[in-house]
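Structure first, commentary second.
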Amino acid sequence: MTIRCLHREDQEAIKNILTATEMFSAEEIAIAGELMQFYLDDPKQQDYELFTSVDENGNVLGYVCIGPTPATAGTFDLYWIAVQPSTQSRGVGTALLSFVEERLKKKEGRLLIAETSATQKYERTRAFYERKGFVQLARIHEYYKPGDDLIIYGKYLITT
């Protein structure tokens, strides 16, 4: 498995992964597509970094999208992380997250933020973050819609 910057030809595979996970709405998948296009069309932009995990045949196994949180010093957002369902629980997500953490440490990143839903559907997502050392920093009641709280996780990359 190799982790590399997003290539233009990865876009369709990533959209397929997002659909296959059954975790994202059509609107969310469209937003992910817009971010990929923005990233690829403007190599000088500094708002987003996208990386893919590919197997030895170049098949996309997963991807991650991060970016610096505006008006902060060393805080970054984990916008997206998704893995092909057939390869989940095989270390792809862990490898992507470890890659991001090491990259951010080299940039003097201090804190990585991940936001997710509190619904049952996202229980595995929350468990993944917690296994990887994220802690719940905040919970906003009914943020997404009635009965759907926002949970904000954080992981401090550099301790002071």
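For this structure, a couple of remarks:
- GNM top mover of Pro70, Pro146, Pro85 - the chain, alpha-carbon springs below 10 Å: Pro146
- Rel. contact order, % - alpha carbon contacts under 8 angstrom, at least six apart, segment 2-156: 18 percent
- The spacing between segment 120-147 and segment 72-99, judged by their C-alpha centroids, is 15 Å.
- Among Tyr129, Tyr144, Tyr63, residue whose mean-square fluctuation peaks in a GNM of the chain (springs only between Cα atoms under 10 Å): Tyr144
- In terms of distances greater than 20 angstrom between alpha carbons, the cross-link table entries Lys15/Lys145; Lys105/Lys132; Lys44/Lys155; Lys15/Lys132; Lys44/Lys132 yield Lys15/Lys145; Lys44/Lys155; Lys15/Lys132; Lys44/Lys132.
- Distance in nm between pseudo-label sites at Ala73 and Gln136 (7 Å out along the Cβ direction from Cα): 3.1 nm
- Among beta bridges from DSSP that stay inside the chain, the antiparallel ones total about 90%.
- In this simple spin-label model, placing a label point 7 Å from the Cα along the Cα-to-Cβ direction at both Ile31 and Lys145 gives a separation of 1.4 nm.
- Along the chain, counting only GluC sites (Glu not before Pro) with a DSSP assignment other than H, G, I, E or B and at most 14 other Cβ atoms inside a 10 Å radius, the longest segment between sites is 109-160.
- Dimensionless Rg ratio for the chain, taking C-alpha atoms and the 2.2 N^0.38 Å reference: 1.01
- MRE, 222 nm, helices only [DSSP H, n ≥ 4, -39500 (n - 2.57), over the chain, to nearest 500]: -10000 deg cm²/dmol
- Neighbourhood net charge (15 Å Cβ-Cβ; Lys/Arg +1, Asp/Glu -1) for Val54: -2
Each reported figure results from applying straightforward, stated rules to the coordinates on display, with no laboratory input. Fair warning: this is a prediction, and the values are worked out from it, not measured in the lab. A quick note on method: Cβ atoms are made from the backbone with ideal geometry, for glycine too, and the neighbour counts reach across all protein chains shown.
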